[in-house]
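Engineer: Could you have a look at this structure, given as C-alpha cells, before my questions?
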Amino acid sequence: MKYYRPRLQFGGWLLAILTAITATPAIAETANFGTFTLSANFQPAQGTVQGFTGGSYSLSATSNRDRDHKACIGFADPTPDHIMVLEKDFSQLTVQIDSSNNDTTLFIQGPDQTTIRCGDDTGKSKDASVGDRNWKKGIYRIWVGTFNPGVKRDYTLTVEQQ
C-alpha cells in the first residue's frame, strides 16, 4: 500500500500561514477624531479634544451595563470617536462632555476590552460625564453618543485628574 502525504503538505502550508498571521503587527487603532495621550500631571489642554456626534449604532449593543451596573445608552458611530492612551495608572479621572447641554452619552471601553464605563446626564445638565476610580495604564476607546440616533452635535471632551 502506498503512503500518501498531501495532509502533511497541507499541514505545513497551514503552519506557514498561521506563523505569518501571528507575526504580522496589529493594525493601528483609528478613531474619528484622533488619539490623545495623558501622562502623570498632564496639563488641562492635553486632556481636551473636540468632535461631533452623529451615528446610528446602538452603544448598548456592545454592552448594556458598565462595571458599576449603570445603563449604557445612546447612539454613535461604530468607530470610536477618540482613543485615549494613559501612560500610567490614574487613581481618579473624570471624562466630561460639553455640548451646550444637548443630550449626550459616553461609552468608554478599557484596555482589557471588558472594563466598560458609561455616562449620561451630569446633575441637571444633559451633557454626559464619567467620574471613576482605578484607571489602568493602556488604550481606552471613547464613544460620544446622543440619546436619539443620527443627531449631530458639536462637543468638547475634557479629561480631568483628581
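Engineer: Relative contact order for the stretch 29-161: what is it in percent, counting Cα pairs under 8 Å that are at least 6 residues apart?
Structural biologist: Answer for the stretch 29-161 is 36 percent.
Engineer: Quick check: pseudo-label points 7 Å beyond the Cα along Cα→Cβ at Ala40 and Asp121, how many nm apart are they?
Structural biologist: If labels sit at Ala40 and Asp121, their model points lie 4.1 nm apart.
Engineer: Moving to a separate point now. Can you give the Rg to Rh ratio for the stretch 29-161, taking only C-alpha atoms and Rh from Kirkwood?
Structural biologist: In the stretch 29-161, Rg relative to Rh is 0.92.
Computed from the coordinates by the stated procedures, all read-outs in this text should not be read as laboratory data. Please read these numbers as outputs of a predicted model, since none were measured by experiment. Don't worry about glycine lacking a Cβ; one is built from the backbone with ideal geometry, like all the others, and counts go over all protein chains shown.
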